[in-house]
1. Cα-based Rg of the range 232-309 per 2.2 N^0.38 Å, rounded to two decimals?
2. Could you pull the accessible area for residue 274 with a 1.4 Å probe, rounded to 10 Å²?
3. Not counting ligands, DNA or RNA, and with a 1.4 Å probe, what is residue 92's accessible surface area in Å² rounded to the nearest 10?
4. Let me check something: with ligands and nucleic acids excluded, how do 90, 65 order by accessible area (1.4 Å probe), largest to smallest?
5. What is the P(r) of the range 320-379, as percent of Cα-Cα pairs per 10 Å bin from 0?
6. Work out the length of the dipole vector of the range 2-148 about its Cα centre, built from +1 on the beta-carbon of each Lys and Arg and -1 on the beta-carbon of each Asp and Glu, and round it to the nearest 20 debye.
7. Determine by what factor the alpha-carbon radius of gyration of the range 346-462 differs from 2.2 N^0.38 Å, reporting the quotient.
8. What are the residues whose amide H is under 5 Å from the amide H of residue 152, where those residues sit 5 or more places off or on another chain and H is modelled from the backbone?
Amino acid sequence: MSTKLWGGRFSGSLDPLMEEFNASIDFDRRLWQADIQGSQAYARALARTGLLTEQEAEQIVTGLERVAGEWRSGLFDIEDGDEDIHTANERRLTELIGPVAGKLHTGRSRNDQVATDLRLWLREELNTSQQQLRTLIGVAVERAAHEIDLLMPGYTHLQPAQPTRWSHWLLSHAWAWQRDALRLHDLLVRVNLMPLGNGALAGNPFPIDRDQLAQDLGFAAPTPNSLDGVSDRDFVAEALFWATLTMMHISRWAEDLIIYSSREFGFVTLADAYSTGSSLMPQKKNPDSLELLRGKSGRVFGNMSGLLMTLKGLPSTYNKDLQEDKEPLFDAVDTLNRALPVAAGALATLSVNAQNMARALVPELLATDLAEYLVRKGVPFRDTHHVAGAAVTLAESQSAALSELSLAALRSLHPAFEEDVASVWSYERSVEQRDARGGSSRRAVQEQIDELLLWLVQPASE
Ligand code: ARG
């Protein structure tokens, strides 16, 4: 008789090529803990139905504890026939406690088992991500509070546009990350449902109390439909989309810093701990940490699109294609959970070059303020925009800075210009005028800091 779990109806043995092709133990072994946790709870659920005696259940639970101990200490031997983590754990349990191990799988299928394991595993990992994301946001907010005085040019189309605060830029990314944290919290609600007790597809024939089982495993509820329960991988797709969007935000933030750390900008200097040199050019200090963060966002996106392709077109309930859910999920979660602390570290340790930021503030950034000056004198904005544009051209033709235009020159463009136009040429004033909620003024930036600080002290679950 074959030793395979499903060996009963088979006479020939598996082609070794197929055996290797079919096996998932190489990657799903990392589910060992979730698999044991799920099995222990299931053994207790079986005992409550009377299908297992209390003593049998206890044998299974403690046997599984020993299997867990082997995994923990690196002593678990994966054997040739171990197709996946579920068969490996059951094989070892049988060796340790004998035939009573054969009662564990009563009414259960690897279909409801694997979906449950994956949810248990993901729940843990995402809790780590949530903490790391909050740490990153905390670093950005802390810097924003300390460096609120620093002004820098803001860009659109990567062209200098208007003065803003460095803190305002920091917070612009912190808000995107906060949305990621909120989104994560929301998707965890759908991860935290239990397929166990769905059997292979049609449900469990024994009087398993799935509500109790869900509660034992810390799930909010059992999945409501067994056909759906064994085949639903929306929680994987959602986690991958979430990871993709989070990495995309990190990538855009990294891209800004790559630009700001270039010699041409020189706004920030990355700490040595997050940069590397060139093997050829001795003068180089490269922002590798940021480039890798940017690069890895593509890889996570690839995992997401790959999984969606795998899911598309599957007929109802479990199909072996679903085994392909794990590698992209593992890779995305690993990538993200390694990226978040690197991002936080790079941000916490970079230094800001206030002088270079100040040097990049040029009077042309105040062209909008010049137009707004006229607006305050009652001139319609459409006209003022035109006048300020003409002032820029005039200054250019005189090879002068916009702020160097004489009052007479300005009055030649519009009679509403007066002596007090001199007040326009202050970057501080420009920034302070943008005081409507969400703007660059000190008050408006402080408001954001306070709001994020308040959010950060609430538990991640809120
Ligand atoms: N290794 C499988 C997976 O990852 C476990 C489920 C196998 N189920 C089955 N009917 N062959 O999906």
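1. My calculation over the Cα atoms of the range 232-309 gives 1.39.
2. Approximately 60 Å² for this residue.
3. 50 Å²
4. Values: 90 25, 65 90 Å².
So, going from the largest accessible area down, we get 65, 90.
5. The calculated distribution, bin by bin, is 16, 18, 16, 17, 16, 12, 4, 0.
6. I would put it at about 580 debye.
7. Details: Rg = 18.9 Å, N = 117, 2.2 N^0.38 = 13.4 Å.
Relative to the rule-of-thumb radius for its length, the range 346-462 sits at 1.41.
8. 164, 165, 166
The values are calculated or read from the model by the stated rules, or taken from the named source; none is laboratory data. Since the structure is predicted, the reported quantities are computational estimates derived from the model, not experimental observations. Cβ coordinates were reconstructed from backbone atoms using ideal geometry, including for glycine residues, and neighbour counts include every protein chain displayed. Surface accessibility is based on the protein's heavy atoms, side chains included, excluding ligands, DNA and RNA. Shrake-Rupley method; radii C 1.70, N 1.55, O 1.52, S 1.80 Å.
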